[in-house]
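Trainee: One structure, as structure tokens, below. Some questions next.
The values are calculated or read from the model by the stated rules, or taken from the named source; none is laboratory data. All of these numbers come straight from a predicted model, not from anything done at the bench. Counting neighbours? That spans all protein chains shown, and the Cβs are built from the backbone with ideal geometry, glycine included. These area figures cover heavy atoms from the full protein model, side chains too; ligands, DNA and RNA do not enter into them. Shrake-Rupley method; radii C 1.70, N 1.55, O 1.52, S 1.80 Å.
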Amino acid sequence: MSAVPPPLGAVSHYTLLERLEPSGPGELYRARDTRLGRTVTVRVLPPGYPAGPIERQSLFDSARAVIALSHPNITLLYDAGEHEGRAFLVFEFLKGQTLRAEMAGRPMNVRRAVELAVQMADGVAEAHGAGFFHGGLSPDSIVITARGHAKIPAFELASRSGFEQDGRGVRLRDYDSPEEARGQAPDDRSDIYSVGAVLYEMLTTRRPPHKGAAAPSASNPHVPPELDDVVLPAVR
């Protein structure tokens, strides 16, 4: 029997068990909540991020609002705080794979693609109703759980505009809307575009261009024309 590897340290009352590959700034760990006895994901943000006490307080204020969100298609945010001068966030630990992995470089079954897009849109609508937009949806940021459900990540909701910091180039808004590409601030419409763009890619394996996107049915004969009428308005 192989020995159990020792903990990597602790952040507050979270024992760090395994370092994960991060998407976004800082360090990401699988951890154990020693108070509640559950496995969680801990993100430790870089030193000085967010910059300044006002920005940091804004992050924690927003995080408290996100903690109140409870939706089956949003990754739950459990906790936010500071440890040894660095901000950290604690999420539910998800077992599964990215949507990109499920797509596997080929068009997905149309029914399955629509099912996942509906779940994403439902989670985004819940966030919009609470006054947040996401700003970071892509096949690489969406997790498909072991039970096959889509989970959209929660941190972008806490920061309202995705992982972004002036001067550091840190960014996690992979599927920018045309407005964002022109340098405008993201808003609710950006999420509508992102959901449509991800659905477009699930159906065709390609991201839609910002101008002149062809109907998904043009490259995938399994896509019914009525689905074109849903996808195309979202990505234009």
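Trainee: Mind listing P(r) for the stretch 50-90? All alpha-carbon pairs, 5 Å bins, whole percents.
Mentor: P(r) over the stretch 50-90, rounded to whole percents: 6, 23, 30, 21, 13, 7, 2.
Trainee: While we're here: Under a crude label model (7 Å from the Cα following the beta-carbon direction), how far is His13 from Asp229 in nanometres?
Mentor: Taking the two extended label points, one gets 5.5 nm.
Trainee: Starting from 0.36 nm per residue, how many nanometres of slack lie between Glu115 and Thr39 once their C-alpha separation is accounted for? All intermediate terms of the calculation are to be shown ahead of the outcome.
Mentor: Working: separation 76, 0.36 × 76 = 27.36 nm, distance 2.82 nm.
24.5 nm is the gain from fully extending Glu115 to Thr39.
Trainee: Let me ask something additional. Over all directions, how big on average is the projection of the convex hull of the alpha-carbon atoms in the stretch 27-103, in square nanometres?
Mentor: In nm², the orientation-averaged hull projection of the stretch 27-103 is 6.3.
Trainee: Further question: Tell me the Kirkwood radius of the stretch 63-122: reciprocal of the mean inverse pair distance over distinct alpha-carbon atoms, in Å. The partial results should precede the final answer.
Mentor: Numbers: mean 1/r = 0.0708 Å⁻¹.
Kirkwood hydrodynamic radius for the stretch 63-122: 14.1 Å.
Trainee: How big is the accessible area of His149 in square angstrom, nearest 10, if you roll a 1.4 angstrom probe over the protein chains?
Mentor: 80 Å²
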